[in-house]
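FYI, it's all coordinate maths here, none of it is from the lab. Just so we're clear, the structure is a prediction, and the values are computed from it rather than from any experiment. Glycine also receives a Cβ, built like all others from the backbone with ideal geometry; neighbour counts cover every protein chain displayed.
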Amino acid sequence: MNHFAYSKGQLYAEGVPLTDIASRYGTPAYVYSKQALSDHFLAYQQALSGKSHLICYAVKANSNLAVLKVLADLGAGFDIVSAGELQRVLRAGGRADKTVFSGVGKRADEIEYALKVGIHCFNVESEGELDQIQGIAARLNVPAAVSLRVNPDVDALTHPYISTGLKENKFGIGIDTAVTVYQRAATLSHIDVTGVDCHIGSQLTEIAPFLDALDRTLALVDNLSESGITIKHLDLGGGLGVRYKNESPPPIDDYIAAILNKLGNHDLTLILEPGRSIAANAGILLSKVEYIKDNGDKKFAVVDAAMNDMIRPALYEAWLNIESVVYRDSKTEEVYDIVGPVCETGDFLGKDRRLAIKPGDLLCIHSAGAYGFTMSSNYNSRPRAPEIMVDKETAHLVRARESIDSLMQGERTLPEAQ
């Protein structure tokens, strides 16, 4: 179901016209659908019904407290990569014992905080990290549950910046050396080896790379069993893609069915860490056309959203569908580059888009619910956009727009010379 659809000639978010949201909260603005978030998460839960599992939403995709609260209320666990994300989970009502801590650069203070609140597991990315966790857990005299993130050297067939499962990537421990590291981990006094973790990348639109990585990971589980190390859970990470333009990612039911078929008789709790597939198409970025500019060879629609609000097109050359909020006759369509006010040629949201627009019109940038606001910045001293969540016929402000004054909090000039 599309939760952002036309009705009566204009786009709605669930039961609320986007024009109403723009009038009330201004633009640019992020708008999320509570129902879409719920539906996308529950698709995973329902597909895994009857199988021991934990769905850990990847907080980095969208960390707004209201988003986390919706998912926590549905029983979600969480995948975090910083102490800040862990604090957000707890503030939103999420459970520490359903939270896994990923990431290559966990600081000592972050590890200590996670141990004190009782997280479910650390996904360990290096032997140095393993030693760090052991030392802190011994000092606190608490056990630390760990899985090793293994790098299976599988090509995820995705953008190189979001591919994480090759030997050339910074993530994980090589699968060919993992048994040795596991054997050492099993000898450490305050380490509890519980699982194997494998995450090969993001925005995967084919099942084959997942299954290739799973084959190699299950072989490792079997090897560990022969070495006397029993693995309780298998964490396959996230990475399932979504439709932005003409991609055809597999339905969640098909993806889960293929994994369960491959697991066979392995008695393992399955952990998944979806982010994009839950949040991306549950949100949009709302923007207003400020100017129409024609340089003779190219027409530009200059809008009030910019690369600081949505960096994915500039960073990944990502394609996001852009539509007029109020429908206009297609006979007046022209081809535009949709660009922002930031002083960079890379500041664009879309290129060569056919639109019937004029100054003052509203545009909807679709598929903006994941890696949109969380990657936004204050470049050019631009306040970050507000976040609004729609629940049926009601729009709720879940993060206020930043002010210019808030951007300068904490800054100081040098004292005057005496």
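Assorted remarks:
- Between the stretch 375-418 and the stretch 213-282, the alpha-carbon centres lie 38 Å apart.
- Sorted on the mean count of surrounding Cβ atoms within 10 Å across their residues, most packed first, peptides 350-358, 197-205, 98-106 read 197-205, 98-106, 350-358.
- Among the listed pairs LYS8/LYS293; LYS69/LYS106; LYS51/LYS98; LYS331/LYS351, those with a Cα-Cα distance over 27 Å are LYS8/LYS293.
- Using Cβ point charges alone (K and R +1, D and E -1), the dipole size of the stretch 103-272 about the Cα centre works out to roughly 360 debye.
- Across the stretch 255-365, the volume of the C-alpha convex hull divided among the residues equals 144 Å³ per residue.
- Per-residue Cβ neighbour rank within 10 angstrom, fewest leading, PHE300, PHE122, PHE373, PHE348: PHE300, PHE348, PHE373, PHE122
- Shape category assigned to the chain from the gyration tensor of Cα positions, a/c cut at 1.5: prolate
- Over every Cα atom in the stretch 103-272, the radius of gyration and the widest Cα-Cα span, Dmax, amount to 16.3, 53 Å.
- Modelled spin labels at THR413 and LYS232, positioned 7 Å past Cα toward Cβ, are 5.9 nm from each other.
- Selection from LEU204, GLY105, ASN123, by position along the positive dipole direction of the stretch 103-272 (Cβ): GLY105
- Per residue convex hull volume, Cα atoms of the stretch 1-61, in Å³: 97 Å³
- Electrostatic dipole magnitude of the chain [Cβ: Lys, Arg +1; Asp, Glu -1; Cα centre; debye, to 20]: 860 debye
- Under 10 Å, Cβ to Cβ, from LEU270 - net charge with Lys/Arg +1 and Asp/Glu -1: 0
- Protection proxy ranking, peptides 187-195, 336-344, average beta carbon neighbours within 10 Å, highest first: 336-344, 187-195
- Ranked by how many other Cβ atoms sit within 10 Å of their own Cβ, fewest first, the residues TYR379, TYR44 fall in the order TYR379, TYR44.
- Note on the stretch 341-404: along the principal axes its Cα atoms extend 34, 30, 24 Å, ordered by decreasing extent.
- Cα-projected label distance for LEU90 with THR394, points at 7 Å along beta-carbon direction, nm: 3.0 nm
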